[in-house]
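Engineer: I have a structure I would like to understand better, so I am pasting it below and will then ask my questions one at a time.
The values are calculated or read from the model by the stated rules, or taken from the named source; none is laboratory data. Here the structure is a predicted model, which is why all the values come from computation and not from measurement. All Cβ positions, glycine included, derive from the backbone under ideal geometry; neighbour counts span all protein chains shown. The protein model used for the area step is the full one, side chains on, heavy atoms only, and it has no ligands, DNA or RNA in it. Shrake-Rupley method; radii C 1.70, N 1.55, O 1.52, S 1.80 Å.
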Amino acid sequence: QVYFVESGGGLVQPGGSLRVSCATSRTIFTFRALGWYRQAPRKQRELVAAITPANITNYADSVKGRFTISRDNAKNLLYLQMNSLKPEDTAVYYCNSNPAAQSYWGQGTQVTISS
């Protein structure tokens, strides 16, 4: 069973913007805190942004002020708006519950920042 499906990644120049999306089931979306994670080559996966069912958000210091996590309750969609992108933001981006559930990991979506 697929729990999370990410989309919207791509190649962006430094300083550019990108929005990635994540679809999940209504049950997970409604009752779970959710997060965006990323894994860069040769690095551990890290939580970059989180949102509770009450829309309380939290961000890693490395993305604070540049990334915005949001949710569309009508569509069961989770978004990550990424602005002022840097080469170090290059990674595969995943969504999951927060804390993450091992069985929920999807394929992720590749985000590459390069000129």
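Engineer: Looking at the range 53-64 only, could you name the residues that are exposed (fewer than 13 other Cβ atoms within 10 Å of the Cβ) and either in contact with a strand residue (DSSP E or B) (Cβ under 8 Å, 6 or more places away or on another chain) or not small (G, A, S) (or both)? Step through it out loud before you land on a result.
Structural biologist: The initial filter retains those residues of the range 53-64 that are exposed (fewer than 13 other Cβ atoms within 10 Å of the Cβ), namely 54-56, 61, 64.
Matches in the range 53-64: N55, I56, D61, K64.
Engineer: For the range 67-115, name all the residues that are charged (D, E, K, R) and open to solvent by 30 Å² or more (accessible area, probe 1.4 Å). Before you say what the answer is, go through the steps one by one.
Structural biologist: Going residue by residue through the range 67-115, those that are charged (D, E, K, R) are 71-72, 75, 86, 88-89.
Residues satisfying the conditions are R71, D72, K75, K86, E88.
Engineer: Ok, one more. Please specify each residue of the range 1-30 satisfying the condition of being open to solvent by 30 Å² or more (accessible area, probe 1.4 Å), in contact (Cβ under 8 Å) with a residue 60 or more places away in the chain and either under 21 Å from P53 (Cβ atoms) or of a type in the set (K, R) (or both).
Structural biologist: Those that are open to solvent by 30 Å² or more (accessible area, probe 1.4 Å), in contact (Cβ under 8 Å) with a residue 60 or more places away in the chain and either under 21 Å from P53 (Cβ atoms) or of a type in the set (K, R) (or both): Y3, V5, R19.
Engineer: Out of the residues in the range 51-60 that are of a type outside the set (F, W, Y) and part of a strand (DSSP E or B), which is nearest to V5 (Cα to Cα)?
Structural biologist: Going residue by residue through the range 51-60, those that are of a type outside the set (F, W, Y) are 51-58, 60.
From the residues that got through so far, the ones that are part of a strand (DSSP E or B) too are 51, 57-58.
Numbers: I51: 17, T57: 21, N58: 22 Å.
The residue in question is I51.
Engineer: Quick one: would you say A33 is surrounded by fewer than 17 Cβ atoms within 10 Å (Cβ to Cβ), under 17 Å from N98 (Cα atoms) and at pLDDT 95 or above?
Structural biologist: Numbers: surrounded by fewer than 17 Cβ atoms within 10 Å (Cβ to Cβ): yes; under 17 Å from N98 (Cα atoms): yes; at pLDDT 95 or above: no.
It is false that A33 is surrounded by fewer than 17 Cβ atoms within 10 Å (Cβ to Cβ), under 17 Å from N98 (Cα atoms) and at pLDDT 95 or above.
Each row is one residue, and each column tells you yes or no for (1) aliphatic (A, V, I, L, M); (2) in a strand (DSSP E or B); (3) under 13 Å from the mean Cα position of the chain (by Cα); (4) more than 17 Å from Y3 (Cβ to Cβ).
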{"residue": "Y37", "(1), (2), (3), (4)": "no, yes, yes, no"}
{"residue": "P41", "(1), (2), (3), (4)": "no, no, no, yes"}
{"residue": "A49", "(1), (2), (3), (4)": "yes, yes, yes, yes"}
{"residue": "S62", "(1), (2), (3), (4)": "no, no, no, yes"}
{"residue": "G65", "(1), (2), (3), (4)": "no, no, no, yes"}
{"residue": "I69", "(1), (2), (3), (4)": "yes, yes, yes, yes"}
{"residue": "A74", "(1), (2), (3), (4)": "yes, no, no, yes"}
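Engineer: Say we look at the range 36-52 and pick out the residues that are charged (D, E, K, R) and open to solvent by 20 Å² or more (accessible area, probe 1.4 Å); which of these is nearest to N83 (Cα to Cα)? Walk me through how you get there before you give the answer.
Structural biologist: So the first thing to find is which residues in the range 36-52 are charged (D, E, K, R), and the list is 38, 42-43, 45-46.
In the following step, the residues that additionally are open to solvent by 20 Å² or more (accessible area, probe 1.4 Å) were identified as 42-43, 45-46.
On the way: R42: 24, K43: 22, R45: 20, E46: 19 Å.
It comes out as E46.
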